[in-house]
Amino acid sequence: MITETVVTELADDDELLRYMGFEKFLRLVHNKKLYFPRADCLDDKLEGYYTKQIYEISKAVSVGTNGELSNKGICERTQVIRESAYISCWTKFQHESMAHWEVYGGKNSVAIMTSVGILKNQLKAEGDILCILEEEIVAVEYIDHHAIDNNLATELLKNARNPLKKKNVAFRYEEEVRIIYSHHHQLGGKEALDAKLGKGFDISIEPNKLILRIFVSPKADNWFHTLVVDLMEQYQLSGRVEWSRLHLTPIEEVFSGSAPIGRIAAS
């Protein structure tokens, strides 16, 4: 059975951005697939982990199966969760982030805009994989992994997936919203699922419904902007293509009349 999506501190009309290089963008619109990498394949070294401090605190706050305080198996459980969870990362759109352009985009890159509600609807496609995975859409909370008190440690230990909903304060600039699919609750057949899903899997989406707007990197070449507009028309996507709001200086914007937004792609 497909479980209901849990949304933490998010509204359906909240706008989301995903910054990506051209290859990922082309893969999205051509293959109509959204890729979910496995949690242990992400770059963050703390992704889904308990730190040594939490491990020590867990000796006093974690209850074992026999009802006694115990942290037996916590390291093994952490690894199981990391190998059983698949994540798609977005950012809540309030303003553009130059850090995002630099880290996740590059010179000739784009950022696609959608909303929480649209994304939820796009993830409702039926399929063998989705039927067996638990799903959540969460706004990531940022914590200092090396300054954990007992209350936070208890929260992190209460649910095996809670560490996947937290990130280190070093990543606060991301303002991340993530979709998490997990099969750790499937006590039987884990090895078969691991083999089937591997280090990541695709979910079919409809780019024309998913993408509301596309921003082109402020450092992109003019030919790249034209290419993105042409691709939107080629794939009959209705989203609007715009230059990044960081593309022009205020003086250039005054003398150009307005920031170039490109033409509206064909419906």
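Readers should treat all values here as calculations from the given coordinates under stated rules, not as data from a laboratory. Note that the structure is a prediction, hence the values are computed from the model and not measured. Counting neighbours? That spans all protein chains shown, and the Cβs are built from the backbone with ideal geometry, glycine included.
A few notes on this one:
- Difference of contour (0.36 nm per residue) and Cα-Cα distance, T226 to L246: 5.4 nm
- Converting phi to 3J(HN,Hα) with the Karplus coefficients 6.51, -1.76 and 1.60 and the offset θ = phi - 60°, the range 236-245 yields 6, 9, 8, x, 8, 9, 10, 5, 3, 5 Hz in sequence order, with x at every glycine or proline.
- Net +/- balance of residues flanking L164 in space, Cβ distance below 10 Å, scoring K and R +1, D and E -1: +4
- Derived scalar couplings ³J(HN,Hα) [the range 224-231; Karplus, 6.51 cos²θ - 1.76 cosθ + 1.60; whole Hz; x for Gly, Pro]: 5, 4, 4, 4, 5, 4, 4, 5
- On the beta carbon distance between E76 and E206, with R0 = 35 Å, the FRET formula returns roughly 0.30.
- 24 Å Cα-Cα reach of K166 towards lysines, excluding residues that sit fewer than 8 places from it in its own chain: K45, K52, K59, K72, K92, K120, K158, K199
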